[in-house]
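Beneath this line is the structure, given in structure tokens, with notes to follow.
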Amino acid sequence: MSYSMHTHTCGELRETNIGEEVTLTGWVWHRRDHGGLIFVDLRDRAGVTQLEFDPEVCDEATFHEAETIRSEWPIMVSGTVRERPEGQNNDKLATGSIEVYVTNIAVLNTSKTPPFQIEDHVDTAEDVRLRYRYLDLRRPRMISNLKLRSDFTFALREAFHGSDFLEVETPSLFKSTPEGARDFLVPSRMQPGHFYALPQSPQLLKELLMVGGVERYYQVAKCFRDEDLRKDRQPEFTQVDVEMSFVTQDDVMGALERVFAEAFDRMGVHIELPLRRIQYWDAMDTYGTDKPDTRYGMELHDVTSIFSASKFKLFASAAATEGQFVKAINAKRAGAWPRARIDRLADVAAEFGAKGLAYIAFREDGSVTSPIVKFFSDEEMAALRAEMGVEPGDLVMFAVADRLHADEILGGMRSHMANELDVPREGHDFLWVVNFPLFHWDEDRKCLDSEHQPFTQPNEDQLDLLDTDPLAMGSHTMDFVMDGYEAGGGGMRIHDARLQEKILEKLGFTPERAQAQFGFLMNALEFGAPPMGGFALGLDRVCMLLAGADNIREVMAFPKTASGSDLMSAAPSEVTGAQLKEVSLRLL
Ligand code: ASP
């Protein structure tokens, strides 16, 4: 590809180009005056090239310009590629063995001094980075993150296209969708008092596409959820949304696996197929989470039966109570921590719902530190040591609760301890977690809530539990887990209108509310809706993991802060009275 302003990018020239006349454009990165010679690192999206201005080679005007240029000025230069003088090669740079001996320069613009250095290794407060995001994006790391995202999205598109999926766009101005977060509302000017909702996902629309005969759909879709923002959440984010019809769950998972393997492969990441599948409750009981990172062990053990006759009342009474468990994990090396540091872990456990944290620290010298060990018999200790594979230096921590809460407490501790102990997590870890419960109990609203979403197909052989024990029902669901993150989720959908009505009723929808909110979907199900299932991949999160970043903001061009602001444009901002009037709104 040739452009009129440059012959090459700043990342392109090598020894093979030596002797060529070239023209480059880019920003002045670093400028060094070396006794009559001026060196400039010229930077563009592709890399950096060293320029040398030598008054013996370029004319006076060019050399004078080189003296005046400052950081972040965009310039265009022409000159000859030459080998760097002996001993001046820079192995860290792809262009490190050459430099351009400049004969001509054109200053394309000047620049104010940037509010922070455009460098990867300089830490700058994030609010300043976000206020001047266009400068932050010039940092090589940010450009490479955007490139990675573009490459991965393109690879996914190619893989879906190659597997006969149609990319179909669905509207952003739509009706409330049921992903469980608050909607962003958009007032209608033409219909005063009426609102669109920005889609939390294209869920209903993709099901309607299946009723419409699209058969295999995907979309790189913007989704909007008005919820409190956490580290890996943004009010608007991107899902690679998928739906298929006339398929079983195995078909959907098989098709997705192949597409993912192909796309990840293009990023240099190999996925072994078929992907491992873990049942929801196995994941919970083994790792304490439905998104396990299986690159390290520290697995949960059910030690309830060891303590059935214990003098330690808390454990013994749990063992005697149906549905209560004593579970434990063993954090290697933490048993050597000072007691105060171990005691502080109770605060961490409290964040995951524990009322306290019982532990035994097995010291290197063979002694134990523990507030509870005095209650244990030799047999109990021996059985515990055997079950937990105890060695000197281990810290065994316990949780006493019902199955779910005991799992969640220790799952939280497992991941906390892995971070504290810097447990190595090499490469990437991919797996499916399948067969989630259909419902969970919403303690705040005192009613059943969908574990995934209200359109999920229950396990057919458990339909009779709907009226007797709905919490025991499983569903045709799958989450795609990458490196301990939920990278995506989906499942089979209900395509039977009666069953859908019944599930909505179980979720507390009156027929009128169900009709008002989802009537258009229920109607469509009555017109020969095919069996269908689908999935959505969290593109921001996967790109974050591929980039080795610890925050999705690092892979988004213009993210928002935790309070939902765009610091660059100062959005959200006030609007004029006239604008409000137009949409028939008045502020309280
Ligand atoms: N719509 C779901 C979500 O956004 C994903 C799916 O089931 O396809 O979480």
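Which of the residues spanning the range 192-213 are among the hydrophobic types (A, V, I, L, M, F, W, C) and surrounded by fewer than 18 Cβ atoms within 10 Å (Cβ to Cβ)?
Kept after step one, since they are among the hydrophobic types (A, V, I, L, M, F, W, C), are these residues of the range 192-213: 195, 197-198, 204-205, 208-211.
PHE195, the sole residue that qualifies.
Yes or no: ASP164 surrounded by fewer than 18 Cβ atoms within 10 Å (Cβ to Cβ) and closer than 16 Å to ALA549 by Cβ? Before you say what the answer is, go through the steps one by one.
Values: surrounded by fewer than 18 Cβ atoms within 10 Å (Cβ to Cβ): yes; closer than 16 Å to ALA549 by Cβ: no.
Judged against the criteria, ASP164 is not a match.
Cβ-Cβ below 6 Å, separation at least six or inter-chain, first residue in the range 170-183 and in contact (Cβ under 8 Å) with a residue 60 or more places away in the chain, second not in a loop (DSSP other than H, G, I, E, B): which pairs?
Taking only residues 6 or more apart or on different chains, the pairs are LYS175/ALA197; SER176/ALA197.
For ALA549, which of the numbered conditions (1) of a type in the set (A, V, I, L, M); (2) assigned to a helix (DSSP H, G or I); (3) over 24 Å from PRO199 (Cβ atoms) fails to hold?
(2)
For the range 172-179, does any single residue satisfy the condition of being of a type in the set (Asp, Glu), buried (at least 16 other Cβ atoms within 10 Å of the Cβ) and within 16 Å of the ligand (Cβ to nearest atom)?
Restricting attention to the range 172-179, the residues satisfying the condition of being of a type in the set (Asp, Glu) are 179.
Retained after the next criterion (residues that are buried (at least 16 other Cβ atoms within 10 Å of the Cβ)): 179.
From what is left, the residues that are within 16 Å of the ligand (Cβ to nearest atom) are 179.
For the range 172-179, residues of a type in the set (Asp, Glu), buried (at least 16 other Cβ atoms within 10 Å of the Cβ) and within 16 Å of the ligand (Cβ to nearest atom): present.
Among GLU486, GLU451, GLU426, which is surrounded by fewer than 16 Cβ atoms within 10 Å (Cβ to Cβ) and either of a type outside the set (Lys, Arg) or in contact with a helix residue (DSSP H, G or I) (Cβ under 7 Å, 6 or more places away or on another chain) (or both)? Walk me through it before giving the result.
Working: GLU486 fails: surrounded by fewer than 16 Cβ atoms within 10 Å (Cβ to Cβ); GLU451 fails: surrounded by fewer than 16 Cβ atoms within 10 Å (Cβ to Cβ).
GLU426 is the lone residue from the list that is surrounded by fewer than 16 Cβ atoms within 10 Å (Cβ to Cβ) and either of a type outside the set (Lys, Arg) or in contact with a helix residue (DSSP H, G or I) (Cβ under 7 Å, 6 or more places away or on another chain) (or both).
Which of the numbered conditions does LEU273 fail, given that it passes all the others? Conditions: (1) surrounded by fewer than 17 Cβ atoms within 10 Å (Cβ to Cβ); (2) within 16 Å of the ligand (Cβ to nearest atom).
Among (1) surrounded by fewer than 17 Cβ atoms within 10 Å (Cβ to Cβ); (2) within 16 Å of the ligand (Cβ to nearest atom), LEU273 violates only (2).
Out of GLN219, GLN200, I need the residue that is within 22 Å of SER450 (Cα to Cα), under 23 Å from the mean Cα position of the chain (by Cα), within 15 Å of the ligand (Cβ to nearest atom) and among the polar types (S, T, N, Q). Which one?
None of the other options fit; the residue is GLN200.
Restricting the search to the range 489-520, which residues are of a type in the set (A, V, I, L, M, F, W, C) and within 13 Å of the ligand (Cβ to nearest atom)? Show your work before the answer.
Of the range 489-520, the ones of a type in the set (A, V, I, L, M, F, W, C) are 492, 494, 497, 499, 503-504, 507, 509, 514, 516, 518, 520.
Residues satisfying the conditions are MET492, ILE494.
Looking at ALA536, ALA514, ALA524, which one is of a type in the set (A, V, I, L, M) and assigned to a strand (DSSP E or B)? Can you show your working first?
Numbers: ALA514 fails: assigned to a strand (DSSP E or B); ALA524 fails: assigned to a strand (DSSP E or B).
Step by step, each of ALA536, ALA514, ALA524 is checked, and only ALA536 is of a type in the set (A, V, I, L, M) and assigned to a strand (DSSP E or B).
Based on this model, can you work out whether THR468 counts as over 24 Å from the mean Cα position of the chain (by Cα) and among the hydroxyl-bearing types (Ser, Thr, Tyr)? Don't jump to the end; show me each part of the working.
Values: over 24 Å from the mean Cα position of the chain (by Cα): yes; among the hydroxyl-bearing types (Ser, Thr, Tyr): yes.
When the stated conditions are applied, THR468 passes them.
If we scan the range 382-404, do we find a residue that is part of a helix (DSSP H, G or I), under 32 Å from the mean Cα position of the chain (by Cα) and closer than 15 Å to PHE315 by Cα?
Restricting attention to the range 382-404, the residues satisfying the condition of being part of a helix (DSSP H, G or I) are 382-388, 403-404.
Then drop every residue that is not under 32 Å from the mean Cα position of the chain (by Cα), which leaves 403-404.
Narrowing further to those that are closer than 15 Å to PHE315 by Cα: 403.
There is at least one residue in the range 382-404 that is part of a helix (DSSP H, G or I), under 32 Å from the mean Cα position of the chain (by Cα) and closer than 15 Å to PHE315 by Cα.
Looking at ALA557, is it away from the ligand (no atom under 16 Å from the Cβ), surrounded by fewer than 18 Cβ atoms within 10 Å (Cβ to Cβ) and free of Cβ contacts under 8 Å to residues at least 12 places away in the same chain? Break it down into steps so the answer makes sense when it comes.
Details: away from the ligand (no atom under 16 Å from the Cβ): yes; surrounded by fewer than 18 Cβ atoms within 10 Å (Cβ to Cβ): yes; free of Cβ contacts under 8 Å to residues at least 12 places away in the same chain: no.
Spelling it out, it is not the case that ALA557 is away from the ligand (no atom under 16 Å from the Cβ), surrounded by fewer than 18 Cβ atoms within 10 Å (Cβ to Cβ) and free of Cβ contacts under 8 Å to residues at least 12 places away in the same chain.
Search the range 533-548 for residues that are over 13 Å from LEU148 (Cβ atoms) and pair each with any residue that is of a type in the set (Asp, Glu) and away from the ligand (no atom under 12 Å from the Cβ) when their beta-carbon atoms are under 9 Å apart and the residues are at least 6 apart or on different chains.
Pairs found: GLY533/ASP251; GLY538/ASP232; ARG541/ASP232.
Go through (1) over 23 Å from the mean Cα position of the chain (by Cα); (2) buried (at least 16 other Cβ atoms within 10 Å of the Cβ) for ARG157 and report which single condition fails.
(1)
Which ones in the range 457-488 are within 16 Å of the ligand (Cβ to nearest atom) and assigned to a loop (DSSP other than H, G, I, E, B)?
GLN457, HIS476
Name the helices (runs of 4 or more DSSP H) wholly inside the range 237-342 in which the number of residues that are under 17 Å from GLY491 (Cβ atoms) is 2 or more. Lay out the reasoning, then the answer.
Details: elements: 249-266, 280-287, 313-320.
The helices (runs of 4 or more DSSP H) meeting that bar are 249-266, 280-287.
Can you give me the number of residues within the range 88-128 that are among the aliphatic types (A, V, I, L, M) and either within 18 Å of SER78 (Cα to Cα) or loosely packed, with under 13 Cβ neighbours inside 10 Å (or both)?
To start, the set of residues in the range 88-128 that are among the aliphatic types (A, V, I, L, M) comprises 93-94, 98, 100, 102, 105-108, 118, 122, 125, 128.
If we keep only those that are either within 18 Å of SER78 (Cα to Cα) or loosely packed, with under 13 Cβ neighbours inside 10 Å (or both) as well, we get 98, 100, 102, 105-108, 122, 125.
Residues flagged as among the aliphatic types (A, V, I, L, M) and either within 18 Å of SER78 (Cα to Cα) or loosely packed, with under 13 Cβ neighbours inside 10 Å (or both) within the range 88-128 amount to 9.
When you go through (1) closer than 30 Å to GLY484 by Cα; (2) within 13 Å of the ligand (Cβ to nearest atom) one by one for LEU209, which number turns out not to apply?
Only one criterion in (1) closer than 30 Å to GLY484 by Cα; (2) within 13 Å of the ligand (Cβ to nearest atom) is unmet by LEU209, namely (1).
Out of curiosity, is ARG233 within 20 Å of the chain's Cα centre (by Cα), surrounded by fewer than 18 Cβ atoms within 10 Å (Cβ to Cβ) and within 16 Å of the ligand (Cβ to nearest atom)?
On the way: within 20 Å of the chain's Cα centre (by Cα): yes; surrounded by fewer than 18 Cβ atoms within 10 Å (Cβ to Cβ): yes; within 16 Å of the ligand (Cβ to nearest atom): yes.
For ARG233, the condition - within 20 Å of the chain's Cα centre (by Cα), surrounded by fewer than 18 Cβ atoms within 10 Å (Cβ to Cβ) and within 16 Å of the ligand (Cβ to nearest atom) - is met.
Report, ordered by the first and then the second residue, all pairs with beta carbons closer than 7 Å, sequence separation of six or more or different chains, a first member in the range 37-49 that is farther than 15 Å from LYS92 by Cα, and a second member that is charged (D, E, K, R).
Filtered contacts from the range 37-49: LEU37/GLU52; LEU37/ASP54; ILE38/ARG31; ILE38/GLU67; PHE39/ARG32; PHE39/GLU52; VAL40/ARG31.
Provide a single number: the residues in the range 420-456 that are within 30 Å of LYS332 (Cα to Cα), more than 16 Å from the ligand (Cβ to nearest atom) and either free of Cβ contacts under 8 Å to residues at least 24 places away in the same chain or not in a loop (DSSP other than H, G, I, E, B) (or both).
Summing the residues that are within 30 Å of LYS332 (Cα to Cα), more than 16 Å from the ligand (Cβ to nearest atom) and either free of Cβ contacts under 8 Å to residues at least 24 places away in the same chain or not in a loop (DSSP other than H, G, I, E, B) (or both) in the range 420-456 gives 4.
Every number here is computed from the coordinates shown, using simple stated rules; none is lab data. Owing to the predicted nature of the structure, the values given are computational and were not obtained by experimental measurement. Please note: Cβ atoms are built from the backbone with ideal geometry, for glycine as well, and neighbour counts cover all protein chains shown.
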